[in-house]
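A quick write-up on the structure given underneath.
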Amino acid sequence: MAREGIYATGRRKEATARVWLFSDGSGRTIINGRKPTQFFCRDDLVIHMLEPLRATDMEGKFDIKVKVKGGGISGQAGAIRLGIARALVKYNPEFRKVLRKGGFLT
């Protein structure tokens with residue numbers, strides 16, 4: 001049986017990220033089949049990418065699956081960040097205010 005996920009798309013510069021959040025998760029994140037630290041090789045980009053989860057106190061409560069393409073690594077991290085923020089708003093519309101104030105939805 002397939003798991004139900006929340007899907008959102010994020011774009012920045014030339015990068016496009018397709019993001020799925022699975023609410024029954026354990027906090028794992030997979031980007032194009034690899035762990036975030038293997039994919040980006042820079043901790044600051046991993047931290048940048050996961051900021052929407054910290055802002056909403058949802059860190060570790062979702063499994064995240066990402067397919068990202070195009071652009072450079074900075075643009076890809078930004079696209080993933082936007083995709084995560086949009087998916088969080090779909091999960092709980094009350095997060096919109098916090099995420100908008102933090103600048104995660106632009």
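The values are calculated or read from the model by the stated rules, or taken from the named source; none is laboratory data. As the structure is a computational prediction, the values presented were derived from the model and not from experiment. Using ideal geometry, Cβ is built from the backbone for each residue, glycine included, and neighbour counts are taken over all protein chains shown. Heavy atoms of the whole protein, side chains included, go into the accessibility calculation; ligands, DNA and RNA do not. Shrake-Rupley method; radii C 1.70, N 1.55, O 1.52, S 1.80 Å.
One residue is enough: does region 10-20 have a residue meeting the conditions at pLDDT below 95, outside any loop (DSSP other than H, G, I, E, B), open to solvent by 30 Å² or more (accessible area, probe 1.4 Å) and not aliphatic (A, V, I, L, M)?
No; the residues of region 10-20 include none that is at pLDDT below 95, outside any loop (DSSP other than H, G, I, E, B), open to solvent by 30 Å² or more (accessible area, probe 1.4 Å) and not aliphatic (A, V, I, L, M).
List the pairs whose first member sits in region 27-47 and is within 14 Å of residue 79 (Cβ to Cβ), whose second member is part of a loop (DSSP other than H, G, I, E, B) and not hydrophobic (A, V, I, L, M, F, W, C), and whose Cβ atoms are under 7 Å apart, counting only residues at least 6 apart or on separate chains?
39/32
Does residue 81 satisfy the criteria of being open to solvent by less than 50 Å² (accessible area, probe 1.4 Å) and either among the charged types (D, E, K, R) or out of contact with any helix residue (DSSP H, G or I) (no Cβ under 9 Å at 6 or more places or on another chain) (or both)?
yes
Can you confirm whether region 37-59 contains a residue that is more than 13 Å from the chain's Cα centre (by Cα) and assigned to a strand (DSSP E or B)?
no
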